[in-house]
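Right, one structure below, let's go through it.
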Amino acid sequence: GSSIIMVSFASGVGTCADLDELSDQAVKQQARCPARQPDAKTKARQAFESVGFDLNESQQFVAYANSFTGRRAGKLKGAFRWLYLVLVGLVTGIVAECIAYSLKKVTEVRTHSQDWLFDHGHGLWAQYLVWLGTSVALVSIAGLLVCYVEPIVAGSGISEIKCILNGIDLPNVLRLRTLVCKALGIVCSVGAGLPCGKEGPMIHSGAIVAAQVQFANAGPVIRPYRLTTESRDFIAAGAAAGVAAAFGAPIGGVLFAVEEGASHMNPRILVRTFVCAAVAALTVRTFSGPMDGKTAWGTLGTEVPVEFGRFTVRRYTLMELPIFALMGVCGGLLGALFNSVNTRLSKWRMRYVGARGHRRFVEVLVVTVVIVSINFFAPLAQGTPMTRMSNFTPSQKLFVNLGGDAIMELFHSEGVIDAGMLAFFAVVHYIQSVVTYGLGVPSGLFVPALLAGASFGRLVGELAQASRWGAIATSPGLYALVGATAMLSGMARITISLAVILMETTGEAVWSIPIFLTVMFAKWVGDLFNKGIYDIHIDLRHIPLLDQRPEKHTLSLQAQDIMATPVTTLPTSATLAELIALLGGCAHGAFPAVDPESQRFLGLIERSTLSHVLHLGKESGVFAASMADLPTSDGMVPYEDMVRCRHPQYPSVAEIKGLLELDDYGKAIDLTPYINTGAYTVQRNATVTRCHLLFRSMGLRHLPVLCEDHRVSGIVTRKDLVDAAEQLEEPEGETETQRSGGDGNSGGSRSGGGGAAEVRQIGPRLLGRPTARRVASVKSPSARRDGCGERQQQKEESGALPPERTSSLDDISV
């Protein structure tokens with residue numbers, strides 16, 4: 001069985017050495033818990049912190065929130081929010097346009113250099129060496145940024161944004177340095193000729209731009225958007241703006257933020273997100289046409305970074321709908337195959353290559369040389385002599401054009417594209433996309449997947465048009481559109497947002513039925529084999545992201561089966577020495593507050609709040625000389641002071657100690673104003689399904705589990721929910737995993753199973769005084785683990801004494 005540890009600290013003054021000894025004792029006590037050491041997956045999962053979006057109902061925050069009610073400050077906050085949403089959309093659109101314009105110029109220079117070499121009589125190998133040399137030079141910049149500067153910029157960034165919007169705190173994802181590396185890296189990796197898309201990085205860039213708003217003021221109001229809910233809403237709006245900037249699709253951008261990222265949307269947030277996305281789309285339409293020389297300044301056309309043009313034939317027959325559905329099935333199969341092969345390749349990379357360093361950089365160079373070489377010589381397979389690159393046939397241009405231009409060719413080319421070359425390109429590009437996704441460069445998946453699917457779809461359309469069915473009423477370009485839809489939906493399992501994005505980029509709502517039919521069949525078939533590619537890469541990193549809906553078997557599990565124990569609790573008042581020792585001895589993200597007499601649950605105190613209170617308490621004058629003087633001290637640290645100090649980030653224990661003098665450790669503080677009294681709780685017999693739904697819908701970080709008498713029995717975090725779903729598939733007897741630190745409030749193990757529960761109590765004198773240790777064996781009356789005192793039956797052992805009760809009302813029970 002697992003164990004409950006109850007530790008008590010008595011009020012008193014100790015030296016700094018006493019504090020260090022106390023912290024060491026707390027850590028050693030955790031190590032004595034008889035639990036299995038965590039495996040590699042659990043350790044990786046514990047490295048990630050969560051973010052809570054629950055409403056804070058402490059006296060401190062309520063006073064802060066009421067200061068905006070009916071006042072000029074509240075109106076200023078709302079007005080500046082709209083201003084910042086417009087600015088986020090504007091900056092995101094400018095960033096997207098800069099990426100698209102730079103990439104266009106890089107491609108033009110490379111193509112013109114090839115034409116110049118051909119015109120001046122240079123041979124094939126000279127052209128190849130220049131083409132390869134420029135590709136290697138460009139990809140070296142992208143690889144250096146990933147392998148030696150900021151590894152997080154690899155990939156599209158959509159997986160990371162999805163995690164952040166659902167409450168996972170990933171470091172360095174939203175920094176300005178990441179934005180610079182991402183934007184520069186994607187220009188170089190796509191310009192080098194790799195099958196990458198710039199659309200995913202644009203979404204990531206929009207989220208980074210939006211995240212900077214949390215550091216802005218609203219006039220005289222200091223950083224009002226530092227709240228986790230405010231920051232989350234801005235990041236969701238920035239991600240939607242990134243989609244809108246990439247495709248000129250504001251509605252699709254909003255739906256993408258809802259479908260892939262946010263589980264918290266309501267009509268008010270949707271309106272804000274749409275405004276931000278609309279401004280981004282307006283920005284790219286304002287600049288794209290004039291910068292490309294296609295329209296005059298002030299004229300808004302259809303030019304956006306990725307635009308697929310209008311179809312001339314706008315009809316199809318009922319007989320073609322089964323063909324579209326079958327193409328959706330094929331897209332689901334190909335997407336599932338892509339995900340499966342890429343998963344195995346990613347695991348190999350994680351094991352033998354690593355996230356950064358020389359090995360990953362060398363892999364980037366080798367893969368680039370192989371892909372660029374294949375794409376350079378592949379056009380010669382058509383049997384035509386080498387000519388100017390600008391004079392290539394449509395099938396030859398597929399190998400050297402940018403993804404968006406190649407897709408336009410497949411959608412709208414009136415002539416017949418060579419079927420053999422088309423099939424050859426489709427297979428080659430599909431394999432290259434599998435290898436490239438996960439490479440050490442910034443790379444998106446949207447356009448490579450769309451191009452692979454469009455190639456297969458165009459091939460089907462060409463074959464259908466050449467047949468004698470007589471049922472083909474549309475052009476082969478529509479089949480390319482359906483194939484592109486099927487492939488991307490089969491890989492990423494995106495449905496409604498993908499359908500709307502494609503309708504907005506083609507300007508054709510008439511294709512809604514074929515697109516909807518295709519995406520649903522592709523998703524249904526793909527889900528039979530594996531998850532979407534973004535979710536797979538999240539799982540590969542062992543990020544504790546909860547699925548949108550709980551597994552069916554969680555309905556038969558109860559909270560007491562998965563909750564973490566022991567639970568470190570706090571009283572309503574304590575000395576600074578006790579609190580600092582507590583923070584130094586654990587890494588818990590929050591502490592349940594209990595009544596000192598009855599031990600009944602009162603609410604939650606976050607670690608960040610407690611750290612800031614200790615850091616700012618002396619300046620705010622909230623420290624009392626002793627515990628006896630606390631009733632006369634009714635002040636509290638203002639919430640705006642914590643925001644000014646970058647809350648919810650918080651100072652370390654060393655920084656707190658640096659501001660305190662030796663005499664301050666004996667002072668006391670009232671913690672009542674900082675307790676979130678409205679924190680969600682569940683009873684021990686609540687189902688894990690209910691816990692899962694609470695976490696997903698309310699954005700929780702901690703969920704205390706209470707006994708019938710309202711005492712704290714355990715605590716549930718998202719890591720417990722993820723572990724429970726995985727451990728059900730493990731062999732019996734291997735389901736108990738030690739947890740510590742991170743979000744959980746646990747110093748030992750997860751509860752579960754039956755058997756005896758062991759209680760260890762460390763005596764009340766730990767600050768420079770002798771320590772008494774009493775151990776008693778207690779058996780649970782039921783097969784389920786019982787963490788509550790009244791429901792345990794004591795059984796004395798030889799030489800063991802009953803556990804002592806803490807007599808002081810000022811003690812901290814752990």
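The values are calculated or read from the model by the stated rules, or taken from the named source; none is laboratory data. On a predicted model such as this, the values are computed, not experimentally measured, just so you know. Backbone-built Cβ (ideal geometry, glycine too); neighbour counts: all protein chains shown. Surface accessibility is based on the protein's heavy atoms, side chains included, excluding ligands, DNA and RNA. Shrake-Rupley method; radii C 1.70, N 1.55, O 1.52, S 1.80 Å.
Remarks
- Only Cα sites of region 65-140 enter the Debye sum here, all with the same form factor; the resulting log10 I(q)/I(0) across q = 0.11, 0.16, 0.24 1/Å is -0.54, -0.74, -1.04, listed in q order.
- Modelled spin labels at Ser556 and Thr299, positioned 7 Å past Cα toward Cβ, are 6.8 nm from each other.
- Heavy-atom accessible area per residue - region 487-584, 1.4 Å, Å²: 32
- Once the Cα-Cα distance is subtracted from the 0.36 nm per residue extended length, the Ser598 to Gln465 segment shows a gain of 39.9 nm.
- Two-site FRET efficiency, Tyr101 against Val130, from Cβ-Cβ distance with R₀ of 25 Å, rounded to 0.05: 0.60
- Long-range tail of P(r) for region 320-442 (Cα pairs > 23 Å, %): 45
- Note that region 642-715 presents 42 Å² accessible area per residue, ligands and nucleic acids not counted, probe 1.4 Å.
- Stokes-Einstein D for region 97-219, Kirkwood Rh over Cα pairs, 20 °C, 1.002 mPa s (µm²/s): 134
- Asn685/Arg549 FRET efficiency (R0 25 Å; Cβ-Cβ; nearest 0.05): 0.70
- Per residue accessible area of region 278-436, 1.4 Å probe, in Å²: 47
- Bins of 10 Å, starting at 0 and running to the largest distance - Cα pair percent for region 515-596: 12, 26, 24, 18, 12, 7, 1
- Gained length - Leu326 relative to Asn66, 0.36 nm times residue gap less alpha-carbon distance: 87.8 nm
- Extending 7 Å from the Cα toward the beta-carbon at both Val370 and Gln59 defines two label points whose distance is 6.6 nm.
- Volume per residue for region 609-724 equals 149 cubic angstrom (convex hull of Cα atoms).
- Segment Trp348-Glu619, length gained on full extension (0.36 nm per residue, minus Cα span): 92.2 nm
- Each of Ser626 and Arg315 was given a label point 7 Å from its Cα along the Cα-to-Cβ line. The distance between the two points is 9.6 nm.
- Partner lysines for Lys41 [C-alpha distance under 28 Å; skip if fewer than 8 residues away on the same chain]: Lys28, Lys162, Lys347, Lys531, Lys552, Lys719
- Cα-Cα pairs of region 608-663 separated by more than 19 Å (percent): 29
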